[in-house]
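Shown next, in structure tokens, is the structure this report addresses.
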Number of protein chains: 2
Amino acid sequence: MERVTAHYYIETPLEIEKAAQILAGEQSSGTFVAVPGETEELKNRFAARVENIQYLETVDEPAIPGIMTAGKKYHRANLEISWSIENFGYNLPVMISTLQGNLYELTQFTGLKLMDIEIPDSFRQHFEGPAFGVAGSRALTRVYDRPMIGTIIKPSIGMSPEQTADLVKTLVTAGIDFIKDDELMSSSANSPFAKRVEAAMRVINEHADKTGKKVMYAFNISNELDEMQRNYDTILAHGGTCAMISLNSVGLAGVKKLCDNRQLCIHGHRNGWGMLNRHPLLGIEFPAYQKLWRLVGVDQIHVNGIQNKFWESDDSVVKSIKSCQKPLLGGYNILPVVSSGQWGGQAPETYRRTQTTDLLYMAGGGILAHPQGASAGVTALKQAWEAAVNGLSIAEAVQQYPEFALSVEKFGKKA
Amino acid sequence: MERVTAHYYIETPLEIEKAAQILAGEQSSGTFVAVPGETEELKNRFAARVENIQYLETVDEPAIPGIMTAGKKYHRANLEISWSIENFGYNLPVMISTLQGNLYELTQFTGLKLMDIEIPDSFRQHFEGPAFGVAGSRALTRVYDRPMIGTIIKPSIGMSPEQTADLVKTLVTAGIDFIKDDELMSSSANSPFAKRVEAAMRVINEHADKTGKKVMYAFNISNELDEMQRNYDTILAHGGTCAMISLNSVGLAGVKKLCDNRQLCIHGHRNGWGMLNRHPLLGIEFPAYQKLWRLVGVDQIHVNGIQNKFWESDDSVVKSIKSCQKPLLGGYNILPVVSSGQWGGQAPETYRRTQTTDLLYMAGGGILAHPQGASAGVTALKQAWEAAVNGLSIAEAVQQYPEFALSVEKFGKKA
């Protein structure tokens, strides 16, 4: 019988072997006393199994404060635990309750992070995955030979539909591929969702009629279910190609239901992610997280960026991008969205470390605040990526590309 | 204009006043440069406002490792920040993205926890809240003068529908008020959901026909949306009164959609909670969390229990129960579910500290492992609560109640 395997990074005051058995037992039928009529065979069928233990180190203080006994030592390890798919079938919420669930509350662990999940082949028959992914996002934006270049409507909130449309006009004229709402903005008092879609799509459609290029706008549909579906239909009705959802705020079942429409590209925003990930020994790591959303059918997912303005290290960002690049069940491609404090200057390092242009590369000030205006800003970003792919250093790229050179002059000191 | 106010507990290497302004700015229109046409008035309309700052202490090491500069100090404070409801209206997912969202990722904070949320009166017009809550759960179980007594089907997973029904038979005969599936169990290879509902409800309905008392069974419907609705309808069709949902695994939009049916009592399981709460300076605190689920319409919510087997302190459990007891918008009552390592022995302390019997009190071994069997086990729990309400100590209750005395003999040493 196929099994799902979870990889954990844990810390425990117990012997590691014992802690691993407790983890497996708590999340299956393992530790409970046998009930009358229960055979050993039946118990083994549903018991979680400790597949591997890799001891790492012992420390004097627990990773998460609260449970500390004088003189105790805390042991860290990588664990692999597996479950038969007979336990939860292809039910992702129950799989999550099994692989994570109450584990974070056990006193036997002073730290626990779900690092990765191995999913068996039969999931392919039950989950269609991203309807668009990398190839579909490229086809919709007609960008094939470089990262798609995107930006966020700022200020986050406060602009009217007309002001938004004016900014969209500037951006599409400048040659942008992608625009998105901020996650704070869905329907505000002075910018009702449908009005904003109508105003923005009028500009985008006019531009597409003229040039053949339809810029992708990720309108933030996050809401309750019926309203999300109405918002989704509004985007469709106005010829839009993309909807954004705040994955953690809406939750798995809601996101899945919207993805199942399979008519719009779904831009997955991971705001709230820091709560699930910022502590090194609590929560879930991105390689596990992104697999769940690929099964759900999200097409694009945020991964932060090199030299970002948040707490995340470059190593962690690179690991996230690489996890998106790895095929899941032979495919299920998802487009990594690189954002947070990005301008062209991070392109060479991003490419050097990931060797891919299958990215949606988001920049804010780098476009609108370019000394020669938005068009030059977009040009500078395209140049930065051309230089990156050609292996040029920033200094070499500055020699070759005048717009990029002006970017470096203006934004280079921040990096 | 009405405002939503969030209470945070934060830690920052910056001056607290400055950190508070950054928080407010990041999550609204505050820090961004003005765009052409944007008036100061418009900006103020959507800007988050720092309402209050209470300085707490300064420490030498950051609460969350990762960002640490030699010689830096880290300041802790309580902050109150407010937003106009014009920013997000009555859209809970976008409200969550605004009040939590990217905040956890800011380098300016080495710790951030959302402690509580103040919600203005107008939310009453947009959210119906729990369809059953405390009074509805009591009416369905016909228990009015004490906590409802419940138990969980164990082992968590592995029993067939017939085995489950046999155990249900033992439990309903013993006089139990409430039974629930484990969160690991929804539909397993040897216990398909509909078969289990059919088998368990046959026993429960027979018992109800005979005695007039219909025991509430919380079947775990957690799944994708359509399947959850099918499961919900299956419970209804078999005369069931309750459905359980793993709140964090399913997510807000999915849970809300199911609650909106308003025909079954919704038992909210909070597994995964430790990830959101276990660190003292990361995530969300229960008083904030339970308000969101009350708005969504969850009727019963887990709060852990006194002397529980998890990491949570008694003080934290009491705070959680009290937060459920406080009216929200003048009502929106939710039933706290006390569980984890409970038997009658914790009843006196639970009552002493909360002064309420509006509880669903869950016990496992305390019932089935009672020396005189399950009936005596349920009786012992009812006695424990009678003693608790009458202000008896455990020693006094042992004198008066023989079944409870046997409980104390068997389980008392564990406490």
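From the list B:Asn261, B:Asn304, the one residue that fits, being assigned to a loop (DSSP other than H, G, I, E, B) and within 16 Å of A:Ala253 (Cβ to Cβ), is B:Asn261. Checking each residue in the range A:90-121 for being more than 8 Å from chain B (Cβ to nearest Cβ), within 29 Å of A:Gly66 (Cα to Cα) and open to solvent by 10 Å² or more (accessible area, probe 1.4 Å) picks out A:Gln108, A:Met115, A:Asp116. Restricting to the range A:278-312, and then to whatever is polar (S, T, N, Q) and at pLDDT 95 or above, can you tell me which residue is farthest from A:His126 (Cα to Cα)? Applying the filter and picking the extreme gives A:Asn304. Do we find a residue being in a loop (DSSP other than H, G, I, E, B) and either within 24 Å of B:Asn220 (Cα to Cα) or open to solvent by 10 Å² or more (accessible area, probe 1.4 Å) (or both) anywhere in the range B:317-328? Within the range B:317-328 (the criterion being in a loop (DSSP other than H, G, I, E, B) and either within 24 Å of B:Asn220 (Cα to Cα) or open to solvent by 10 Å² or more (accessible area, probe 1.4 Å) (or both)), the answer is yes, since at least one residue qualifies. Residues that are open to solvent by 10 Å² or more (accessible area, probe 1.4 Å) and touching a helix residue (DSSP H, G or I) at 6+ places or on another chain (Cβ under 9 Å) were ranked within the range A:329-341; the one that is nearest to B:Gly101 (Cα to Cα) is A:Ser340. Total residues in the range B:232-251 satisfying the condition of being within 13 Å of another protein chain (Cβ to nearest Cβ) and open to solvent by 10 Å² or more (accessible area, probe 1.4 Å): the figure is 1.
Scanning the range B:357-388 for residues that are touching a Phe, Trp or Tyr at 6+ places or on another chain (Cβ under 6 Å), closer than 23 Å to B:Ile301 by Cα and assigned to a helix (DSSP H, G or I) gives B:Gly366, B:Ala384, B:Ala388. The criterion of at least 3 residues that are open to solvent by 10 Å² or more (accessible area, probe 1.4 Å) and among the charged types (D, E, K, R) is met, among helices (runs of 4 or more DSSP H) falling completely within the range B:122-219, by B:161-173, B:193-211. When the range B:178-208 is limited to residues that are touching an Asp or Glu at 6+ places or on another chain (Cβ under 8 Å) and small (Gly, Ala, Ser), the one that is modelled with the highest pLDDT turns out to be B:Ala199.
Can you find a residue in the range A:72-83 that is in contact with a Gly (Cβ under 8 Å, 6 or more places away or on another chain), in contact (Cβ under 8 Å) with a residue 60 or more places away in the chain and among the polar types (S, T, N, Q)? No; the residues of the range A:72-83 include none that is in contact with a Gly (Cβ under 8 Å, 6 or more places away or on another chain), in contact (Cβ under 8 Å) with a residue 60 or more places away in the chain and among the polar types (S, T, N, Q).
Pick from B:Val143, B:Val94: which is in contact with a strand residue (DSSP E or B) (Cβ under 9 Å, 6 or more places away or on another chain), free of Cβ contacts under 8 Å to residues at least 12 places away in the same chain and of a type in the set (A, V, I, L, M, F, W, C)? Step by step, each of B:Val143, B:Val94 is checked, and only B:Val94 is in contact with a strand residue (DSSP E or B) (Cβ under 9 Å, 6 or more places away or on another chain), free of Cβ contacts under 8 Å to residues at least 12 places away in the same chain and of a type in the set (A, V, I, L, M, F, W, C). Among the residues of the range A:304-314, those that are charged (D, E, K, R) and within 12 Å of chain B (Cβ to nearest Cβ) comprise A:Lys309, A:Glu312. When B:Glu403, B:Glu396, B:Glu386 are screened for being in the same structural domain as B:Asn308 (by TED's automatic domain parsing), within 21 Å of B:Lys169 (Cβ to Cβ) and open to solvent by 20 Å² or more (accessible area, probe 1.4 Å), only B:Glu403 passes. When A:Asn87 is tested against (1) more than 8 Å from chain B (Cβ to nearest Cβ); (2) buried (at least 18 other Cβ atoms within 10 Å of the Cβ), only condition (1) is not met.
The values are calculated or read from the model by the stated rules, or taken from the named source; none is laboratory data. These numbers were taken from a predicted model, which means no experiment stands behind them. Glycine gets a Cβ as well: all are built from the backbone with ideal geometry, and neighbour counts include every protein chain shown. In case anyone asks, the SASA skips ligands and DNA or RNA and just uses the protein heavy atoms, side chains included. Shrake-Rupley method; radii C 1.70, N 1.55, O 1.52, S 1.80 Å.
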